[in-house]
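Asks: Provided herewith is a single structure, encoded as structure tokens, for subsequent inquiry.
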Amino acid sequence: MSVPLLLPERRWYCPNCQVTDITRQATEHMPYHACRGLRGLMAPLVQIGVRAEVVVVEREDYIGTEKVHLDPERGRPVMAVVTKRDNGEDRIINAPVATATARVM
């Protein structure tokens, strides 16, 4: 006799746009999407039934010559995307990219 393997179904939504998703994975996971409500920035989906707010945090310090992630509409540097829930928060950090130059001798 074979027993079917049942995978848990999880339903997700975005509090900033109309995107929804259904996943069926046994491991812990959190799907991401390019959010229209956050001007195309990558943001996590929130499990249905959980109240949450997803916000963009602008970088406020000096940038100089660093290669940073910019808000596509405002042109301002984005430091993080924060998901705030009743029981805590998650952050997606947009760290600057390191650059180097090579000189051939």
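Asks: Can you pull the percent of Cα pairs in the chain with separation above 22 Å? Working shown, then result.
Replies: Numbers: 2506 of 5460 pairs.
Cα-Cα pairs of the chain separated by over 22 Å account for 46 percent.
Asks: Build a GNM of the chain with springs between Cα atoms under 10 Å: which of TYR62, TYR32, TYR13 gets the top mean-square fluctuation?
Replies: With Cα springs under 10 Å in the chain, the top fluctuation among TYR62, TYR32, TYR13 is at TYR62.
Asks: Using the Cα gyration tensor of the range 45-88, with a ≥ b ≥ c the square roots of its eigenvalues, what is the shape: rounded (a/c below 1.5), prolate (a/b larger than b/c) or oblate (neither)?
Replies: On the way: a/c = 3.86, a/b = 2.59, b/c = 1.49.
Cα axes put the range 45-88 in the prolate bin.
Asks: How much net charge surrounds ARG39 when only other residues with a Cβ under 14 Å from its Cβ are counted (Lys, Arg +1; Asp, Glu -1)?
Replies: On the way: positive: ARG36, ARG74, ARG76; negative: GLU58, ASP71, GLU73.
Overall, the nearby charge balance is 0.
Asks: Also, I was wondering about something else. Taking θ as phi - 60°, what are the ³J(HN,Hα) couplings along the range 55-66 by the Karplus curve (6.51, -1.76, 1.60), each to the nearest whole Hz, with x for Gly and Pro?
Replies: With coefficients 6.51, -1.76 and 1.60, one gets 10, 9, 10, 6, 7, 10, 8, 5, 9, x, 9, 5 Hz.
Asks: What do you get for GluC sites (Glu not before Pro) in the range 14-93 restricted to DSSP loop and a cutoff of at most 11 other Cβ within 10 Å of the site's Cβ?
Replies: Numbers: sites: GLU28, GLU53, GLU58, GLU60, GLU66, GLU73, GLU89; in loops: GLU28, GLU60, GLU66, GLU73.
Here the sparse-neighbourhood loop sites are GLU28, GLU60, GLU73.
We did not get these values from a lab; they are worked out from the coordinates using the rules stated. Remember, it's a predicted structure, so these values are computed and weren't measured experimentally. Because the Cβ atoms are built from the backbone with ideal geometry, glycine has one as well, and the counts that use them run over all protein chains shown.
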